[in-house]
Amino acid sequence: MSSHYGIVAIVAVCALTAGVGAFGLRLSRTTSDFYVASRAVSPRLNASAIGGEYLSAASFLGIAGLIYSRGADMLWFPVGYTVGYLVLLVLIAAPLRRSGAYTVPDFAEARLDSPRIRRLCSVLVIGIGWLYLLPQFQGAGLALHVVTGAPAWVGGLIVAVVVLLSVVAGGMRSITFVQAVQYWLKLTAICIPAFVLLMLWLRQGQPAPVVLSEPGGGGWARPLSGFGGQDHPTYWTYSTLLALCLGTMGLPHVIVRFYTNPDGHAARRTTSWVIGLLAAFYVFTPLYGVWGRVWLPQLPHGLHPDSVVLLLPSAASPTTLGDVLSALLAGGAFAAFLSTASGLTISVAGVLDQDLLRPRLHAWTGGDAMSVQGFRVAAVLGILVPYGLSLAGASVALASAVGLAFAVAASTFCPLLVLGVWWRRLSTVGAAAGLGIGGTLALLAVSTTVLFGVPAGWPGALLSQPAAWTVPITFLVTIVVSLATPDRVPQGTGRMMVLLHGPEGLVLPATRGG
């Protein structure tokens, strides 16, 4: 494909992101602006912004790459990504907004009255955020390499710089507008080439997709036929779905957006809109994996299956039309990297600022200005560290890498949030035990998979998709330890539960001394 159109598209998306972010500097002045956009974002705007940040490299490139290389079982990924918001809507969306917190650690401390739990949650937020950021840099490097032949590190660097300019300029308020615009940009970029490719396919009378000769390839079109050649496909499928459905509520960049709604009712409406927006996008991504079997039965040497989306238009129509469509997809892919990285940077920076940098900056300045300055310093730290790690990291399929972050989130924050919202007998010791056990088990499994690859047989299935056993263990440990330590249930639990589940606008009387 011609690199000129792709370069123009990528530059245009980066310029748009930086421009809207700079405009946010005129709107963002207070701490509330930077963290939660003053809690004044409408449901439709917030839903578009959530769709913008949630549709990451895994959604735009990774799902098609997995379907292309591994087959129909990979369709469970977009199903799980979308159903996760339904679970979030039913269980925690409105109560979490009523808590009045800025971040997940804020909620944990308010619910359990424990600074130690807050610090533990802060470590997990940073870890999950950085784990999720790695595939964004990897995807950006892949996209730029396919378009221009530039080294992979250049694409990640561009994303890091543009995101920093947007985040430090206006915080959550400006990023909300950036991500909302980028959702519609991504939807346009994915659907227009899809319709054109569909017309080309019908006009040319293309045959059914060609099955590649690879392990498990013979069952490419049959569900539960090998999960891309892996052993124990049924376990892989259900463990993946569990991680995606329950991990969504534990992703820090997803949770923080619900604090920007005016109230709990708006949070529920936002979630309903998100489900519809995600469903509209995921209609198109599997088509690219299927068409890749028609026009790209073999990828160019050295390219990962995640590149099939960008290569497909030029393969189907080796003319200017194909180059333009590929450029449009490249621009949409960069919008995905930028919007997701922006949301992750916001959530990680908020935690770094409140729990690490703010006390140290107190001596330099004071009041709200101190908080804003700390947020900006934290944003720089929050994105440069994972970018540095991405330069030395192993190459993992984008959707698989994101799936690992979902597994860690499902094994830690999901039990904490569900039990914290709905179970009044949750104790500080039980919550700490659950977070510690779930986080340790999931991170060990993830690290083993990333560093040493996927072993054969049951060890490979259990380590590469750990949610099916780590999530139940975390719930069980949290409940058992909480029941064994009833004296460690916070005294203000009843008051907090009323706040989480009471009518909107309920004002509780002040407690003694408060």
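The values are calculated or read from the model by the stated rules, or taken from the named source; none is laboratory data. Given the structure is predicted, the values throughout are model-derived calculations rather than measurements. Cβ atoms come from the backbone with ideal geometry, glycine included; neighbour counts cover every protein chain shown.
How many residues, within the stretch 108-138, are in contact with a Lys or Arg (Cβ under 9 Å, 6 or more places away or on another chain) and either within 15 Å of GLY247 (Cα to Cα) or buried (at least 24 other Cβ atoms within 10 Å of the Cβ) (or both)?
2
How about the stretch 63-77: which of its residues are more than 14 Å from ARG293 (Cβ to Cβ), buried (at least 23 other Cβ atoms within 10 Å of the Cβ) and in contact with a Leu (Cβ under 8 Å, 6 or more places away or on another chain)?
ASP73, PHE77
Against the condition under 30 Å from PRO233 (Cα atoms), among the hydrophobic types (A, V, I, L, M, F, W, C) and in a helix (DSSP H, G or I), how does VAL477 come out, does it pass?
In short, yes.
In the set LEU312, LEU352, LEU328, which member is surrounded by fewer than 24 Cβ atoms within 10 Å (Cβ to Cβ), touching a helix residue (DSSP H, G or I) at 6+ places or on another chain (Cβ under 7 Å) and at pLDDT 80 or above?
Just a single option satisfies the conditions, and that option is LEU328.
Being over 17 Å from ALA467 (Cβ atoms), of a type in the set (Val, Ile, Thr) and assigned to a helix (DSSP H, G or I) is the filter here; which residues of the stretch 83-94 pass it?
VAL90
Please specify each residue of the stretch 470-488 satisfying the condition of being buried (at least 17 other Cβ atoms within 10 Å of the Cβ) and in contact with a Ser or Thr (Cβ under 6 Å, 6 or more places away or on another chain).
Of everything in the stretch 470-488, those that are buried (at least 17 other Cβ atoms within 10 Å of the Cβ) and in contact with a Ser or Thr (Cβ under 6 Å, 6 or more places away or on another chain) turn out to be THR470, VAL471, THR474, SER482, ARG488.
I need the full set of residues from the stretch 270-291 which are within 11 Å of PRO43 (Cβ to Cβ) and either touching a Lys or Arg at 6+ places or on another chain (Cβ under 8 Å) or crowded, with 20+ Cβ neighbours inside 10 Å (or both), in order please.
Once the filter is applied, which keeps residues that are within 11 Å of PRO43 (Cβ to Cβ) and either touching a Lys or Arg at 6+ places or on another chain (Cβ under 8 Å) or crowded, with 20+ Cβ neighbours inside 10 Å (or both), the stretch 270-291 yields THR270, THR271, TRP273, VAL274.
Quick grid of which residues meet (1) farther than 14 Å from VAL489 by Cβ; (2) part of a loop (DSSP other than H, G, I, E, B); (3) modelled with pLDDT of 90 or more:
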residue: VAL429; (1), (2), (3): no, no, yes
residue: THR440; (1), (2), (3): yes, no, yes
residue: VAL446; (1), (2), (3): yes, no, no
residue: VAL454; (1), (2), (3): yes, yes, no
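Among the residues of the stretch 95-127, which ones are under 20 Å from GLY494 (Cβ atoms), small (Gly, Ala, Ser) and either in a helix (DSSP H, G or I) or in contact with a Cys (Cβ under 9 Å, 6 or more places away or on another chain) (or both)?
If the condition is that a residue be under 20 Å from GLY494 (Cβ atoms), small (Gly, Ala, Ser) and either in a helix (DSSP H, G or I) or in contact with a Cys (Cβ under 9 Å, 6 or more places away or on another chain) (or both), then ALA108, ALA110 are the ones that fit.
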